[in-house]
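Here's the structure, in structure tokens; my notes come after.
The values are calculated or read from the model by the stated rules, or taken from the named source; none is laboratory data. Predicted model only: the values in this text are computed from it and were never measured. Note that each Cβ is placed from the backbone with ideal geometry, even for glycine, and that neighbours are counted across all protein chains shown. For the accessible areas, the whole protein counts, side chains as well, though only heavy atoms, and no ligand, DNA or RNA atoms are used. Shrake-Rupley method; radii C 1.70, N 1.55, O 1.52, S 1.80 Å.
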Amino acid sequence: MVGFMRIAGNLFADLPQVVEGEVFEDLLRCRNLQIERIVSSDSPDSGQYDQTQDEWVCLLQGEATLRAGDYRFIPARTSHRVLKTSREPCCLWLAVHLYPERPPLS
């Protein structure tokens, strides 16, 4: 069963102007899988993430601790955070979350 799905689109289209923090946009939610587009400002949230789900993330544009094209797998319950992000171009991420069960609705 599909919970939410965009049939087609472009990851680089209509990027929001983010002044502070990050903007998360669901692209697909299906069973225990969630795919989202993340756009970061040059002032990312300073908090630690400690998620119940596994996450695979790829930086598509911009620079952070990673460079465009770099990706990482972050196992569930692994504390992590975004340390820095570029202003121009903004950081654009593709994140794939794999939940042990169906993910909660946003």
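Every test in (1) in a strand (DSSP E or B); (2) among the acidic types (Asp, Glu); (3) at positive phi is passed by Asp14 save one, and that test is (1).
Go over the candidates Leu11, Leu92 one by one and state the one that is open to solvent by less than 40 Å² (accessible area, probe 1.4 Å) and not polar (S, T, N, Q). That would be Leu92, the only listed residue that is open to solvent by less than 40 Å² (accessible area, probe 1.4 Å) and not polar (S, T, N, Q). For beta carbons closer than 8 Å, sequence separation of 6+ or different chains, a first residue in region 46-71 that is over 16 Å from Thr85 (Cβ atoms) and open to solvent by 40 Å² or more (accessible area, probe 1.4 Å) and a second that is small (Gly, Ala, Ser) and assigned to a strand (DSSP E or B), the qualifying pairs are Trp56/Ala95.
Kindly check whether there is at least one residue in region 75-88 that is without any contact (Cβ under 8 Å) to a residue 12 or more places away in the chain, among the hydrophobic types (A, V, I, L, M, F, W, C), surrounded by 16 or more Cβ atoms within 10 Å (Cβ to Cβ) and assigned to a loop (DSSP other than H, G, I, E, B). The answer is no, given that none of the residues of region 75-88 is without any contact (Cβ under 8 Å) to a residue 12 or more places away in the chain, among the hydrophobic types (A, V, I, L, M, F, W, C), surrounded by 16 or more Cβ atoms within 10 Å (Cβ to Cβ) and assigned to a loop (DSSP other than H, G, I, E, B). The single residue among Glu20, Glu101 that is among the charged types (D, E, K, R) and in contact with a Ser or Thr (Cβ under 8 Å, 6 or more places away or on another chain) turns out to be Glu20.
Working only within region 14-34, note down all residues that are open to solvent by less than 40 Å² (accessible area, probe 1.4 Å) and of a type in the set (A, V, I, L, M, F, W, C). Residues satisfying the conditions are Val18, Leu27, Leu28, Cys30.
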